[in-house]
Structure formats: structure tokens, C-alpha cells
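The next block holds one structure in the form of C-alpha cells; read it before the comments.
The values are calculated or read from the model by the stated rules, or taken from the named source; none is laboratory data. Note that the structure is predicted; figures quoted are calculated from it, not measured. Reconstructed Cβ throughout: ideal geometry from the backbone, glycine too, with neighbour counts over all protein chains shown.
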Amino acid sequence: MKIRTLLLAAAVSAMPFGAVACGSSDSSSKPSVNEITQKLKEAGAPDDQAECAAKALHDNLSAESLNKVMDSASDNSTSEDLTKSLGKDETEKMATAISKCLGIDTSGATSTN
């Protein structure tokens, strides 16, 4: 397993997604950046991280993937469930975007296998 993957998973789990669920079951439309930001702030994320993460998620994930992230909170999914649901590429997009907001540098990570 790559160290980078572990770091990205840690970055994702560090964000307070538990309170982000937007209630939209329409996977063809994305919640707005403002809606995502507000939910992250309500969950306790600092303003600057919430704004950065909301924009990063909105800009980097498809509508379907973003809604999976939002909906995962309402059905008590684990981060492993979400990762399986999104797939490797979308999970890495999400984690990379969020890691930048959290100040986590994953550029120097190497493979352990």
C-alpha cells in the first residue's frame, strides 16, 4: 500500500463530513460551494479550511461523487464504505484537494510495496 494513499485517507477522515449531508438525492446536481461551506462550518471546521475544502470538493468531484460524499454521512457509512463507493480515482481527487486545505504535503510520499 502506498504511503500517499494512507496520507490521503487520513486527510479525508480529518474533515468533518458527518454534518455535511445536504439532503439532495438528485445525483445530477451539486450542492453549491456556499452550502458545503456552511455545513463544514457547522461541523466545526475553521472558516478558511471550510471555504477551501468546499471549493476543492465542488471543483474536483463529479456531481455523482460529491453527492455520495454528502449522503454518506446520513447513512452512517465508514470512510472505507465511501472509498469503495467512490472508487480510487475519485477518492484520490477528494483527498488531494482536501489535503491542500489542511496543509498536508503528499508530494514526497513513496510506496512501501
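A few remarks follow.
- When the residues of segment 13-35 are filtered to those that are surrounded by fewer than 15 Cβ atoms within 10 Å (Cβ to Cβ) and not small (Gly, Ala, Ser), the one that is modelled with the highest pLDDT is 34.
- All of 97, 53 fail the test of being modelled with pLDDT of 85 or more, buried (at least 19 other Cβ atoms within 10 Å of the Cβ) and of a type outside the set (Asp, Glu), apart from 53.
- Selection of segment 36-47 for residues being modelled with pLDDT under 90 and either surrounded by fewer than 22 Cβ atoms within 10 Å (Cβ to Cβ) or of a type in the set (Ser, Thr, Tyr) (or both) yields 37, 38, 41, 42, 43, 44, 46.
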